[in-house]
Amino acid sequence: MSMTDPVGDMLTRIRNGQRVGKSSVVSPASKLRTGVLDVLQREGYIRGYNVSEIRKGVSEITIELKYFEGDAVIKQIDRVSTPGRRVYSKIKDLPKVYNGLGIAVLSTPKGVLSDQEAREQNVGGEILCKVF
């Protein structure tokens, strides 16, 4: 059975894993997913991730979740752009999540970037998700 929203599925696995206090969660691998995880790791929302090959041509990602004093570092993680409704933003219209306390993850022509990195590189794109 094919999955219609792979990034949304990964974000839900992260959200559910942190709600029950798991140390790590597993998700199928793709370039877009690893790009989103790179941004989350750079911004300090996850401890890290590891891509491993199950069999030839099929890989999975093990995502290490991050906690601070027993509470999840990610308080809220929401999918913005879905397969049925794509949300694009120009550089001047990029959202500030919780007045800059959170981040928006964007897919741009220069790769997957956080909203702050997109402002520095002066590039807009598709808003994938918001994290706080």
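Based on the Cα atoms of the chain, what semi-axes does the equivalent ellipsoid have, where each is the square root of 5 times one gyration tensor eigenvalue, given in whole Å with the largest first?
Ellipsoid half-lengths, sorted descending, are 23, 19, 13 Å.
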### Task
Using the Karplus curve 6.51 cos²θ - 1.76 cosθ + 1.60 with θ = phi - 60°, work out ³J(HN,Hα) for each residue of the range 84-96 in order, rounded to whole Hz, and write x for Gly and Pro.
x, 8, 7, 10, 10, 9, 6, 4, 6, 9, 4, x, 9
### Query
Quick one: putting +1 on the C-beta of Lys and Arg, -1 on the C-beta of Asp and Glu, what dipole do you get for the chain around its Cα centre, in Debye to the nearest 20?
220
### Query
Using θ = phi - 60° and the Karplus form 6.51 cos²θ - 1.76 cosθ + 1.60, what ³J(HN,Hα) does each residue of the range 97-111 get, whole Hz, x for Gly and Pro?
7, 6, 6, x, 6, x, 10, 10, 9, 10, 9, 10, x, 9, x
### Task
For the range 81-122, just say rounded, prolate or oblate: build the C-alpha gyration tensor, square-root its eigenvalues into a ≥ b ≥ c, call rounded for a/c under 1.5, and beyond that prolate if a/b exceeds b/c, oblate if not.
oblate
### Query
Where does the chain land at 222 nm, in deg cm²/dmol rounded to the nearest 500, when only DSSP H runs of n ≥ 4 count, each adding -39500 (n - 2.57), divided by all residues?
-7500 deg cm²/dmol
### Mean Cβ neighbour count within 10 Å, used as a protection proxy, ranking 66-79, 111-124 highest first
111-124, 66-79
### Query
Taking θ as phi - 60°, what are the ³J(HN,Hα) couplings along the range 11-25 by the Karplus curve (6.51, -1.76, 1.60), each to the nearest whole Hz, with x for Gly and Pro?
5, 5, 4, 5, 4, 5, x, 6, 5, 9, x, 6, 7, 8, 10
### Query
Which lysines have a Cα lying under 29 Å from the Cα of K22, excluding residues fewer than 8 positions away in the same chain?
K31, K56, K66, K75, K130
### Query
Amide H to amide H under 5 Å from T82: which residues, 5+ apart in sequence or cross-chain, H placed 1.01 Å off N in plane?
V87
### Summary
In nanometres, the difference between 0.36 nm per residue of separation and the alpha-carbon distance of T4 and K96 is 30.3 nm
### Query
Using a probe of 1.4 angstrom, how much of the accessible area of the chain is carbon and sulfur, in percent?
48
### Query
Which order do peptides 32-38, 92-98 fall in by mean Cβ count within 10 Å, highest first?
32-38, 92-98
### Query
What net charge do the residues around D78 carry, taking every other residue with its C-beta under 10 Å from that of D78, with Lys and Arg at +1 and Asp and Glu at -1?
+3
### Query
Which whole-number percent is the relative contact order of the range 6-131 (Cα, under 8 Å, 6+ apart)?
23
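The values are calculated or read from the model by the stated rules, or taken from the named source; none is laboratory data. Computed from a prediction, not measured in an experiment: that's the story for all the values here. Neighbour counts run over all protein chains shown; Cβ positions are idealised from the backbone, glycine included. Ligands, DNA and RNA are stripped out before the accessible areas are found, and what is left, the full protein with its side chains, is counted by its heavy atoms. Shrake-Rupley method; radii C 1.70, N 1.55, O 1.52, S 1.80 Å.
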